[in-house]
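*Asks:* Take this structure first; my questions come after.
The values are calculated or read from the model by the stated rules, or taken from the named source; none is laboratory data. Remember, predicted model here, so these are calculated numbers, not experimental data. With ideal geometry, Cβ positions are generated from the backbone for all residues, glycine too; neighbour counts draw on all protein chains shown. Please note that ligands, DNA and RNA were not included when accessible areas were found on the heavy atoms of the full protein model with its side chains. Shrake-Rupley method; radii C 1.70, N 1.55, O 1.52, S 1.80 Å.
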Amino acid sequence: MVEKFKIQGGETLKGEVSVGGAKNSVLKLLAAAVLVKGSTKIYNVPNLTDVEIMLNVISELGAKCIYDKKEKSVVIDSTNLSSITARYELVSKMRASFIVLGALISRCKEAIVALPGGCAIGERRVDFHIKGLEALGAKIKIENGYVHAKASKLTGTDIYLDIPSVGATENLMLAAVLAEGSTRIQNAAQEPEIVDLANFLNTIGADVTGAGTSEIIINGVTQDKLHSAEYTTIPDRIEAGTFMAAVVATKGKAIIKNVYPAHLTFFNDKLIKMGASIKLVEPTTIEVSCKNRLSSINFVTQPYPGFPTDLQAIAMTLLTTANGVGIITESLYENRFMQVPDLRRMGADIHQDRNHAIVKGVKNLTGAIVAASDLRAGAALVIAGLMANGETIVEKLHHIDRGYEDFEAKLRSLGGKIYRYDESNTNEDKINDNFNSIQSSQIIKGGF
Ligand code: EPU
């Protein structure tokens, strides 16, 4: 199958949409569940390819996983583990699987986990993960592309991270759960997903304090203190920000449910400065709207609570037609402007110099054939397609499917003209005047 999105731009998004569970949280909760000799039930688990990969990773360790797609819950029975190895074939598909290293070394005192290697958006090293584990007492060998970590015991200690790395903070939190004594992670990442992981760990019987600040303390507990539990994942702040941007981009007005506005303070502030209106309807429901052409802003991506790098490409799309010039500085990744060439093909005026992008707002974008180069760049191009005059085709949807559940269905429920079709299916039935180059037999998951 060669799946693509076809988008007819120019529709104003209106209505109501609900945000799912946070991908970047749930992946870590699934790995953390492996710590328990028992059964854990996690709710608000989105149906994403990344979740599927993590379920495969922990299943190969011996955990029995049942995903109820309707209830959006997963039961993980990790009473008995049968393996300490996470294979390259899986880890290379999704870097986040590297997080099982912390859980395995904690529980089994040994782990063999493939090194994830680089990725399209940047080098994404794991040196802080490794140094932190060594500080806890693990002996680490890197051989044949795998990290082999072993410890007769892990002992709590002070660990200072050079950068508040999300993944390193999480891996070290997991490793420290069953260590002897106290571990203090300084310059820890403060993302809401870190707080969610700490809350989950405390729910299963661990002792973690300080998550959400730059200093996290994990008081080691013994294995018998960890127990079965149920837990609900926080909403996905990046998915929420994506829908907010899509509504604002099309000068629409919509209710977005299942959002924690406090997780998006910086992004919300920038949207308001651009001219959007954001009203709190209920504690987890907001109304987003925009009537006029947006005004340009400057922003720098930073670790939480700064402007999220995962919303950078999406915000860049908003700047492409805003009034004035906006300067974006990407400070987390070396190569996260991959959407730029495709946005230019749609008529955007963007000058890129290393990690800076200068975006001069044009009157409008025009539809084109574009391709997702990573998850967030893909979402940015979908929004560009919704804004543009005419028709846009977005290719390489597998990137988008990693992190947005039912993306096109949710956008369609807001009035967006977008659907997924399979180019390799060439049956002759035409579907409608606007899309007469696409045949109904090619459409996947519904038309308009
Ligand atoms: N870094 C190192 N050494 C390390 C660890 C990180 O140099 O040992 C560098 C990285 O190369 C990067 C920076 O530190 O330049 C930040 O990386 P971090 O470890 O914080 O990111 P991550 O844990 O690999 C998570 C999210 C990313 C998100 C970043 C930053 C998951 C699965 N991924 O990645 O999400 O961009 O935090 O917020 O949680 C996405 O969802 O599209 C995505 C890429």
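*Asks:* Give the residues of the stretch 300-323 that are more than 9 Å from the ligand (Cβ to nearest atom), in a strand (DSSP E or B) and either out of contact with any Lys or Arg (no Cβ under 7 Å at 6 or more places or on another chain) or charged (D, E, K, R) (or both), sorted by residue number.
*Replies:* Within the stretch 300-323, just Val300 meets the criteria.
*Asks:* Residues of the stretch 18-75 being part of a strand (DSSP E or B), open to solvent by 20 Å² or more (accessible area, probe 1.4 Å) and either at pLDDT below 95 or of a type in the set (Gly, Ala, Ser) (or both), which ones?
*Replies:* Passing the criteria: Ser18, Ser39.
*Asks:* Given the structure, is Val166 away from the ligand (no atom under 16 Å from the Cβ), within 19 Å of Thr209 (Cβ to Cβ) and not small (Gly, Ala, Ser)?
*Replies:* So Val166 does not fit the description; no.
*Asks:* Let me ask something additional. For the stretch 214-239, give me each residue that is free of Cβ contacts under 8 Å to residues at least 60 places away in the same chain, open to solvent by 10 Å² or more (accessible area, probe 1.4 Å) and within 16 Å of the ligand (Cβ to nearest atom).
*Replies:* Ser214 - this is the single residue of the stretch 214-239 that is free of Cβ contacts under 8 Å to residues at least 60 places away in the same chain, open to solvent by 10 Å² or more (accessible area, probe 1.4 Å) and within 16 Å of the ligand (Cβ to nearest atom).
*Asks:* Moving to a separate point now. Given (1) surrounded by fewer than 22 Cβ atoms within 10 Å (Cβ to Cβ); (2) closer than 19 Å to Glu191 by Cα, identify the lone condition not met by Leu311.
*Replies:* (1)
*Asks:* Filter the stretch 171-190 down to residues that are within 14 Å of the ligand (Cβ to nearest atom), touching a strand residue (DSSP E or B) at 6+ places or on another chain (Cβ under 7 Å) and open to solvent by less than 10 Å² (accessible area, probe 1.4 Å), then give me how many there are.
*Replies:* 4
*Asks:* Return the only residue of Asn144, Asn47 being more than 15 Å from the ligand (Cβ to nearest atom), among the polar types (S, T, N, Q) and touching a residue at least 60 places away in the same chain (Cβ under 8 Å).
*Replies:* Asn47
*Asks:* Tell me the residue from Ala103, Ala120, Ala114, Ala135 that is in contact (Cβ under 8 Å) with a residue 60 or more places away in the chain and surrounded by fewer than 23 Cβ atoms within 10 Å (Cβ to Cβ), please.
*Replies:* Just one listed residue meets the conditions, Ala120.
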